[in-house]
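Please treat every number below as a calculation from the coordinates, not as lab data. Quick caveat, the model's predicted, so the values are computed rather than measured. When we count neighbours, we look across all protein chains shown, and the Cβ atoms used for this are built from the backbone with ideal geometry, even at glycine.
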Amino acid sequence: MLRKNRLFTPGPTPLLPAAQTAMASFAMHHRTASFRDLFSRVLADVKDFIGTKNDVLVLSCSGSGVMEASISNLTSPGDKVLVLTAGKFGERWRDLAKAFGCSVEVLSVPYGETFSLDELRHKLKPDVRAVFVQSTESSTGARHDVKSIAKLVRSAGDTLLVVDAITGLGTTPFDVDGWGLDIIIGGSQKALMIPPGLAYCAVSESAWKRMETAKAPRYYFDLRKERKAAAKGESAFTPATSLFAALGAALEYVREMGEGDLAAGREALINNAELAAEMTRAGAQALGLKLFAPSCPATALTAIQSPVGLDSGAIVKEFRESFGAVVANGQGEMKGQLFRIAHLGYYDYLDTIGVLGALEHVLSDVTTKPVEYGAAVRSAQEVYARYSQRQTVSAVARQ
């Protein structure tokens with residue numbers, strides 16, 4: 001039987017064909033008027049995609065590069081910072097802050113859970129210079145309440161809030177300026193459907209002001225250099241030129257989803273992820289599987305517990321060997337205990353139905369418990385049918 005290679009991982013994600021074409025055919029020097037036009041257009045579109053009036057930057061690195069830049073540009077050695085951690089990527093914030101000599105206070109909750117606002121309020125002392133958090137902890141499939149976290153941080157005075165939304169942007173609604181997010185970070189290989197290699201961020205005026213007094217070392221990741229260069233339609237260093245072409249094509253595709261309105265396209269992209277996530281959760285539960293983060297499930301991905309006594313690596317392996325499909329194992333202490341199916345970016349109804357149908361076969365092959373074929377697919381279809389009915393009713397009401 002023919003097998004297509006398919007990614008169902010929360011990054012890298014499947015590539016948008018138009019972006020692949022743009023990237024493959026791109027040959028332009030980065031210090032030319034033509035590239036400056038592309039660069040400036042991409043920055044303007046990224047601003048609309050994020051939904052902010054703040055300055056935005058696009059850097060040639062992974063999202064972790066801008067995470068590091070957020071630490072190095074906003075802190076000085078010895079500064080007290082608060083890290084909210086509930087998984088591997090929260091732990092990355094902790095380790096980055098320690099690497100730059102910060103005094104790190106940690107609010108930690110078990111993998112798959114989210115934070116108590118009362119505990120956060122208790123941790124937010126006047127000497128905390130910055131708070132670092134994920135919007136979606138993609139190692140566990142949990143989504144955090146950034147709006148409520150931001151409200152508490154704003155009440156703490158001049159404390160800055162930095163949000164890793166690398167898997168959140170394009171899957172979760174944000175009011176960046178209204179909530180007062182000082183830096184929000186995205187990555188190219190997530191909802192924007194292009195390869196890894198670009199990371200983008202929006203930076204508030206409060207954050208720019210802090211950079212003038214921060215004393216942590218920085219060079220390549222000096223955001224002030226990038227802001228100065230961006231004002232002239234350039235990057236401070238050699239950019240990943242072909243990826244900029246791909247990003248431009250991806251943002252145009254999102255605009256088309258919104259019938260010419262990029263912000264509306266972003267909302268359509270978010271709605272698509274929410275629907276695929278709801279379908280996947282319903283399908284997994286119909287097979288008797290347990291969700292890993294049931295109280296705060298993300299829309300970027302769904303984390304599913306492996307059946308008792310079964311290493312989730314066996315599920316990941318069977319997906320790959322039988323169907324050429326790649327789903328993600330657990331990370332860190334959760335490796336072997338869960339698997340993760342993504343919904344961000346270039347996924348649709350048929351992808352979701354297909355992966356659930358494959359899941360039924362995979363479970364039949366790796367477990368001794370009988371599997372009811374069609375149970376997961378039927379549950380997902382019922383979710384979709386209810387969604388379609390609501391859309392029809394809404395369309396009629398608007399007429």
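Reachable lysines from LYS47, Cα under 24 Å, same-chain residues fewer than 8 places away excluded?
LYS147, LYS151, LYS190, LYS209, LYS225, LYS228, LYS232
DSSP loop (so not H, G, I, E, B), at most 14 other Cβ within 10 Å: list which chymotrypsin sites (Phe, Trp or Tyr not before Pro) in segment 319-399 pass both filters.
On the way: sites: PHE319, PHE323, PHE339, TYR346, TYR347, TYR349, TYR373, TYR384, TYR387; in loops: TYR346, TYR347, TYR373.
Answer by residue number: TYR373.
Explain nothing, just compute: Karplus ³J(HN,Hα) = 6.51 cos²θ - 1.76 cosθ + 1.60, θ = phi - 60°, for every residue of segment 378-395 in order, whole Hz, x for Gly and Pro.
4, 5, 5, 5, 5, 4, 5, 5, 5, 4, 4, 5, 4, 5, 5, 4, 5, 5
Only counting other Cβ atoms within 10 Å, I'd like THR52, THR213, THR21 sorted with the fewest neighbours first.
Values: THR52 21, THR213 8, THR21 13.
In order of increasing Cβ crowding within 10 Å: THR213, THR21, THR52.
Taking the Cα centre of each part, how many Å lie between segment 296-356 and segment 199-263?
Segment 296-356 and segment 199-263 have Cα centres separated by 32 Å.
Can you check what the net charge comes to around LYS125, using other residues whose Cβ is under 11 Å from the Cβ of LYS125 (Lys, Arg +1; Asp, Glu -1)? It would help to have the intermediate numbers written out before the result.
Details: positive: LYS80, ARG121, LYS123, ARG129; negative: GLU105, ASP127.
Here the count lands on +2.
Run the reach check for LYS88 against aspartates and glutamates, Cα to Cα strictly under 12 Å, same-chain hits fewer than 8 apart removed. What comes back?
Straight-line reach from LYS88, under 12 Å: GLU137, GLU333.
Angle check, please: helix 241-257 long axis (alpha carbons) against the longest principal axis of the chain (alpha carbons), in degrees 0 to 90, nearest 10.
Tilt relative to the chain: about 60 degrees.
Using amide H atoms built in the peptide plane, which far-off residues or other-chain residues are under 5 Å from GLY187 H to H?
TYR200
In whole Hz, with x marking every Gly and Pro, tabulate ³J(HN,Hα) for segment 288-305 from phi via Karplus 6.51 cos²θ - 1.76 cosθ + 1.60, θ = phi - 60°.
Computed from phi, the couplings for segment 288-305 are x, 8, 9, 6, 7, 10, x, 7, 8, x, 7, 9, 5, 7, 10, 9, 10, 6 Hz.
Taking θ as phi - 60°, what are the ³J(HN,Hα) couplings along segment 174-184 by the Karplus curve (6.51, -1.76, 1.60), each to the nearest whole Hz, with x for Gly and Pro?
These are the phi-based 3J(HN,Hα) values: 9, 10, 4, 6, x, 7, x, 7, 7, 9, 10 Hz.
For the residues HIS30, HIS343, what sequence is obtained by ranking on other C-beta atoms within 10 Å, fewest first? Mind dumping the intermediate values first?
Values: HIS30 17, HIS343 28.
Ordered by Cβ neighbours within 10 Å, fewest first: HIS30, HIS343.
Excluding ASP79 itself, calculate the net charge of residues whose Cβ lies under 13 Å from the Cβ of ASP79, where each Lys or Arg counts +1 and each Asp or Glu counts -1.
On the way: positive: LYS80, LYS98, LYS125, ARG129, ARG210, LYS215; negative: GLU105, ASP127, ASP158.
In short, +3.
Amide H neighbours of ASP55 under 5 Å, counting only residues 5+ apart in sequence or on other chains, H built in-plane at 1.01 Å?
For ASP55, whose amide H was placed from the backbone, the distant partners under 5 Å are VAL203.
Kindly rank 287-298, 195-206 from highest to lowest mean number of other beta carbons found within 10 Å of each residue. Intermediate values should be presented prior to the final figure.
Numbers: 287-298: 18.2, 195-206: 21.7.
Top to bottom by mean Cβ count within 10 Å: 195-206, 287-298.
When Kirkwood radius over Cα pairs in Å is calculated directly from the model, which label among (i) 20.3; (ii) 21.8; (iii) 22.6 fits?
(ii)
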